[in-house]
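Every read-out reported here was derived from the displayed coordinates using simple, explicitly stated rules and does not represent laboratory data. Bear in mind the structure is a predicted one, so any value in this text is a computation, not a measurement. Here the Cβ positions follow ideal geometry from the backbone for every residue, glycine too, while neighbour counts run over all protein chains shown.
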Amino acid sequence: MSNRNLFATLLLLVFAVISWFLVHTQQEEAAVFNPQEHRPDAWARDLDVTEMDDLGKPRYNLKADKMVHFDDDESTVLTEPRLTVFNHDRPPWHVDSTVGWVSADRTLVLLTGEVIINREGKGRLRPLRAVTSELRVKPRENYAETDRHVRIDSRDDWLESDGAEIWFEEPVRMKFLSRVKASYAIN
């Protein structure tokens, strides 16, 4: 066999191997492709949703600059969410964050970024401001929790903790989980 024929045969063999490899790789990628990828099926701007209780009074209100819904798991992602939890005899709780995620059944809201909780004062009820980086909210249960660092300020008093549980409904209460430090001003 001449050098020219040997070279042509080797060249054809190399092309055959490369072609087989490309076809095989594309078949594997096609097998991995899932048409049910996590892709949005709906979106909205300036979202404003209120859920009512059994008596027709607002239970909570959720606003967001942008909402994106995903069909594969029915979850929703929110940009700049603002959650208001109503307590009919007392001022409402306002919870703002950078990003939010809502479960398909709307029983869980995960807030991340800078999460700020505010409640105005009224009468003997003191105003309160809490800041953390992540908060899990169960709006229908009027409950929230975090395992992250949280700082709470109320007038001249402050408290810091790693982790907290908050019940927004009467009796309103908070549980601080670990490494708690506080300063109380005596007036």
(request) Take the alpha-carbon centre of the stretch 45-114, take the same for the stretch 134-161, and report the distance between them in whole Å. (result) 17 Å
(request) Highest first, please rank the peptides 98-104, 67-73, 169-175 by the mean number of other Cβ atoms sitting within 10 Å of their residues. (result) 98-104, 67-73, 169-175
(request) Obtain the nm distance between the two label points defined at R45 and R155 by a simple spin-label model: each point lies 7 Å from its Cα along the Cα-to-C-beta direction. (result) 4.4 nm
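Most exposed first by the Cβ proxy, i.e. fewest other Cβ within 10 Å, how do H149, H38 rank? Kindly include the intermediate steps, with their values, before the conclusion.
Values: H149 15, H38 10.
By the 10 Å Cβ count, ascending: H38, H149.
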